[in-house]
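Notes follow once the structure below has been shown.
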């Protein structure tokens, strides 16, 4: 159906682009569903849930893209098919979540619940050298489906290019010369994604992501960020992955236009669309502040500069801050709505033992949660992304 849309859309750029994007995202969804089937036969229930969560995200991406090109009967029919597809995927994901939590005791199986319902789940080779030739060439040099890591050494320099790692490339490692030395850059300013990850079991350490709106797109699957610096202003960490950020510097930067006039920023915008998806953004031992340039504007007139921990991009948005240091720029109410009361009864926004002038929770919005010591393990690296099984082997 999507191929038919593409073939009938010559001269219509919006519909053509939507169809091309759909073909890619549905291919990714099919890949993750096949991985899920293999994982279930091997008893890898948590892996299977992660992969099926990603499959649902890809299906939703396709539907969302077609929504803006919905001007033919064929597009309408395709969107109806995608509605049915996401419904079946959601049902399968719900059953996997129930099995993960209750095993074969099917009498205990219930529709998926979240923390807002008071429910917390049980805890449980080669090398390429890149210099002036460009990073994409290093990616291309790696074999598809390798059994060993393929390391791409990126020498000091500025690489003005967009780097894409296709789904077929596995176990790829990018190793640069350090923050500020190895630089991969795109558009100069305004809304532009600096980095997007769809990679399962991805480890990003000692990297710097500089942008404005939508800097880091943690799209799907399991991701671990360690000692990174992430800068932006509007929704600059977003997506529907299961991602843990540990010991990272999260910094707000000034807007490009009239930076002293004032603004409203949200650090995160998580996009969980289904309560059974095992996704969320977790921040551990991070520092939340502004760049030196931003703090000059902020301190000159704090009342016009509003900064929030996050806002709900989708209905079941989930974001948690644990043992983080929050600077004075964080607004007392902490979290901001997306539009009206959208998602305020279904999201989960949590905080646990944070410190700093922005961590005072006495004026927090009533739809956020102070996580108890009893439940904070839910958001650990070991439990949330099963990091104890794969992160130690990544170094």
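Could you check, for segment 249-269, whether at least one of its residues is crowded, with 24+ Cβ neighbours inside 10 Å and on the phi > 0 side of the Ramachandran plot? No: zero hits.
Yes or no: segment 179-190 includes at least one residue that is within 20 Å of residue 268 (Cβ to Cβ) and either surrounded by fewer than 18 Cβ atoms within 10 Å (Cβ to Cβ) or assigned by TED's automatic domain parsing to the domain that holds residue 289 (or both). Checking segment 179-190: at least one residue is within 20 Å of residue 268 (Cβ to Cβ) and either surrounded by fewer than 18 Cβ atoms within 10 Å (Cβ to Cβ) or assigned by TED's automatic domain parsing to the domain that holds residue 289 (or both). For beta carbons closer than 7 Å, sequence separation of 6+ or different chains, a first residue in segment 340-363 that is assigned by TED's automatic domain parsing to the domain that holds residue 329 and a second that is loosely packed, with under 15 Cβ neighbours inside 10 Å and part of a strand (DSSP E or B), the qualifying pairs are 351/370; 361/370.
Going by what's in this entry, would residue 69 be described as crowded, with 19+ Cβ neighbours inside 10 Å, modelled with pLDDT under 90 and not in a helix (DSSP H, G or I)? Answer is yes for this residue. Here residue 5 clears all of (1) surrounded by fewer than 19 Cβ atoms within 10 Å (Cβ to Cβ); (2) in a helix (DSSP H, G or I); (3) at pLDDT below 90 except the condition numbered (1). Where strands (runs of 3 or more DSSP E) sit wholly within segment 73-167, those with at least 1 residues that are out of contact with any helix residue (DSSP H, G or I) (no Cβ under 6 Å at 6 or more places or on another chain) and modelled with pLDDT of 65 or more occupy 150-154, 157-160.
Residue pairs whose Cβ atoms lie under 7 Å apart, separated by 6 or more positions or on different chains, with the first residue in segment 182-196 and on the phi > 0 side of the Ramachandran plot and the second at pLDDT below 85, are 190/256. Examine segment 367-389 for a residue that is outside any strand (DSSP E or B), over 29 Å from residue 201 (Cβ atoms) and modelled with pLDDT of 95 or more, and state whether such a residue exists. Yes, some residue in segment 367-389 is outside any strand (DSSP E or B), over 29 Å from residue 201 (Cβ atoms) and modelled with pLDDT of 95 or more. All conditions but one from (1) over 22 Å from residue 242 (Cβ atoms); (2) surrounded by fewer than 20 Cβ atoms within 10 Å (Cβ to Cβ) apply to residue 22; the one that does not is (2). Among the residues in segment 342-354, are any out of contact with any strand residue (DSSP E or B) (no Cβ under 8 Å at 6 or more places or on another chain), on the phi > 0 side of the Ramachandran plot and either part of a loop (DSSP other than H, G, I, E, B) or loosely packed, with under 12 Cβ neighbours inside 10 Å (or both)? Checked against the condition, which is being out of contact with any strand residue (DSSP E or B) (no Cβ under 8 Å at 6 or more places or on another chain), on the phi > 0 side of the Ramachandran plot and either part of a loop (DSSP other than H, G, I, E, B) or loosely packed, with under 12 Cβ neighbours inside 10 Å (or both), segment 342-354 yields at least one hit. Scan segment 33-40 and give yes if some residue there is over 14 Å from residue 277 (Cα atoms) and assigned to a loop (DSSP other than H, G, I, E, B), otherwise no. No, segment 33-40 has no match at all. In the set (1) part of a loop (DSSP other than H, G, I, E, B); (2) crowded, with 16+ Cβ neighbours inside 10 Å, the condition left unmet by residue 236 is number (1).
The values are calculated or read from the model by the stated rules, or taken from the named source; none is laboratory data. Quick caveat, the model's predicted, so the values are computed rather than measured. So basically every Cβ, Gly included, is an ideal-geometry build from the backbone, and we count neighbours across all protein chains shown.
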